[in-house]
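Colleague: Next up is a structure, given as C-alpha cells.
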Amino acid sequence: MSNLLRAGFVRYLKNPLAVITAVASLVIGLLGGRNAVYTIDDVYLIALFIAFAAFISLLVGREHGEGGFRNKAIAGYTKGQIFFSEWLLHTVFCLCLLLLFLVGFAPLAHEVLSPVPARVLALIALCFVCMTVAVVTLLCVLSMLVSSRAVSAILSVLLVIGLLFASYKIEEALSTPQYYYISHYDEQNELVWEEQKESPLYVDGAARTFLTHLNYTIPLGQSEPLIQCIGVWNYDVSWIDEHSCSHLKIVKFFPLYSLGLTVTIGGIGYAIFRRRDLR
C-alpha cells in the first residue's frame with residue numbers, strides 16, 4: 001500500500017486544487033483570528049470543512065472519472081488497500097490544512113487564547129484534530145461511494161451544512177426550559193400572580209439522553225462546547241479552574257465520540273465499497 005500512498009501524495013502535489021485549498025485554509029484561519037472576540041466564531045470552522053468537502057469530492061471524483069480505482073485494481077491492489085489508502089491520504093492532507101488554519105488563526109487570536117490554560121488548549125486542539133478526522137471520514141466515504149464528481153461535490157457540501165443544521169436543532173431542543181411563566185396583571189397593570197406551566201417542548205428522560213449523545217457524536221455538534229471552553233476564560237475567570245468548568249467535564253470525552261463515529265462510518269463505507277464494481 002506504500003506505493004499507493006506515494007503515488008497519491010505526488011498526485012496531490014501536482015494538483016492545483018491542493019494549493020488553492022491550502023491557501024483558502026490559511027486565509028480562513030487569518031480571518032477567524034482577526035475577528036475573534038472573547039471566543040471563536042464557528043462560521044470559520046464551517047468554512048474550513050466546506051473547503052475539505054470540495055477538495056475531497058473533486059479529487060476522488062477525478063479518480064472515478066479517469067478510472068483510477070479500476071486501474072489500481074487491475075494492478076493487483078485489493079479494494080481494501082485502495083479504500084484505506086484514499087482515506088489515509090485525505091486524512092493526512094486535511095490535518096495539514098487544519099494546521100495551516102491554526103497557523104493563521106493563533107497569532108491573531110492571541111488575546112482570546114492567552115487566558116486559557118495550556119492543558120485546556122491542548123485538550124481542545126486534540127478534540128479539533130479528532131473532529132477533523134471524523135469529518136474527513138464522512139466526506140471520503142461519501143465521495144468513494146458516489147462516482148459522479150459533480151453529485152459528490154454537491155452532496156459533500158450539503159452534508160457539512162446538514163450536520164451544522166442538525167446540531168443547531170438538537171441544541172435548540174436541549175436548551176428549551178422545562179417551565180415557562182404566565183404573568184397576570186390587574187387593571188392598574190400591577191402584577192397579581194404568576195402561573196408556572198411545564199413546556200410541551202421540553203425534552204426529558206431517555207430522549208434527552210439520546211439527543212445529548214447524538215449531538216456530541218455529530219462532529220459539528222462538538223464545536224459549541226469547545227468554543228464555550230475558550231470563551232469562559234475570557235470573562236470573569238476568578239472562580240474558574242480546570243475542575244470547576246462544566247464544559248471540560250464533557251469535552252474530554254469528545255475524542256472517543258469522534259473515534260467511534262470514524263470507525264463506524266469507515267467500516268460501513270468499506271463494507272459497501274468492497275462490493276462495488278470499479279469502473
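Colleague: Suppose the filter is surrounded by 21 or more Cβ atoms within 10 Å (Cβ to Cβ), within 15 Å of the chain's Cα centre (by Cα) and within 17 Å of residue 59 (Cα to Cα); does residue 143 pass it? Don't jump to the end; show me each part of the working.
Modeller: Working: surrounded by 21 or more Cβ atoms within 10 Å (Cβ to Cβ): yes; within 15 Å of the chain's Cα centre (by Cα): no; within 17 Å of residue 59 (Cα to Cα): yes.
Criteria not met by residue 143.
Colleague: Of the residues that sit in region 147-163 and are touching a Gly at 6+ places or on another chain (Cβ under 9 Å) and either assigned to a helix (DSSP H, G or I) or at pLDDT 90 or above (or both), which one is least open to solvent (accessible area, probe 1.4 Å)? Spell out the reasoning first.
Modeller: Here is the first cut: in region 147-163, the residues touching a Gly at 6+ places or on another chain (Cβ under 9 Å) are 147-153, 163.
Then keep just the ones that are either assigned to a helix (DSSP H, G or I) or at pLDDT 90 or above (or both); that gives 149-153, 163.
Working: 149: 111, 150: 66, 151: 69, 152: 0, 153: 22, 163: 32 Å².
Applying the filter and picking the extreme gives 152.
Colleague: Can you tell which of 112, 135, 103 is open to solvent by less than 50 Å² (accessible area, probe 1.4 Å), among the β-branched types (Val, Ile, Thr) and over 29 Å from residue 271 (Cβ atoms)? Before the answer, list the steps.
Modeller: Working: 135 fails: over 29 Å from residue 271 (Cβ atoms); 103 fails: open to solvent by less than 50 Å² (accessible area, probe 1.4 Å).
The conditions single out 112.
Colleague: Run residue 115 past the list (1) assigned to a helix (DSSP H, G or I); (2) under 16 Å from residue 40 (Cα atoms) and report the number of the one that doesn't hold.
Modeller: Among (1) assigned to a helix (DSSP H, G or I); (2) under 16 Å from residue 40 (Cα atoms), the lone unmet condition for residue 115 is (1).
Colleague: Can I ask one more? Any residue in region 1-15 that's touching a residue at least 24 places away in the same chain (Cβ under 8 Å): show its pairings with residues that are among the hydroxyl-bearing types (Ser, Thr, Tyr) at Cβ separation under 8 Å, as long as the two are six or more apart or on different chains.
Modeller: Between residues of region 1-15 that are touching a residue at least 24 places away in the same chain (Cβ under 8 Å) and residues that are among the hydroxyl-bearing types (Ser, Thr, Tyr), the close pairs are 1/77; 1/85; 4/77; 4/85; 5/85; 8/85.
Colleague: Same structure, new question: Sort out which residues of region 55-67 are among the small types (Gly, Ala, Ser) and surrounded by 19 or more Cβ atoms within 10 Å (Cβ to Cβ), and write them in order of number.
Modeller: Once the filter is applied, which keeps residues that are among the small types (Gly, Ala, Ser) and surrounded by 19 or more Cβ atoms within 10 Å (Cβ to Cβ), region 55-67 yields 57, 61.
Colleague: Checking the condition open to solvent by 70 Å² or more (accessible area, probe 1.4 Å), within 26 Å of residue 11 (Cα to Cα) and at pLDDT below 90, which residue from 75, 118 passes?
Modeller: It is 75.
Colleague: Still on this structure, please answer the following. Taking only pairs six or more apart or across chains, which ones have beta-carbon atoms under 8 Å, a first residue in region 65-83 that is outside any helix (DSSP H, G or I), and a second residue that is open to solvent by 40 Å² or more (accessible area, probe 1.4 Å)?
Modeller: So the pair list comes out as 67/279; 77/1.
Colleague: Now for a separate question. Restricting attention to region 65-76, does a residue exist that is under 22 Å from residue 152 (Cα atoms) and among the acidic types (Asp, Glu)?
Modeller: So far as region 65-76 goes, yes, one or more of its residues are under 22 Å from residue 152 (Cα atoms) and among the acidic types (Asp, Glu).
The values are calculated or read from the model by the stated rules, or taken from the named source; none is laboratory data. Treat the numbers as computed from the prediction; the structure is a model and nothing was measured. Neighbour counts run over all protein chains shown; Cβ positions are idealised from the backbone, glycine included. The protein model used for the area step is the full one, side chains on, heavy atoms only, and it has no ligands, DNA or RNA in it. Shrake-Rupley method; radii C 1.70, N 1.55, O 1.52, S 1.80 Å.
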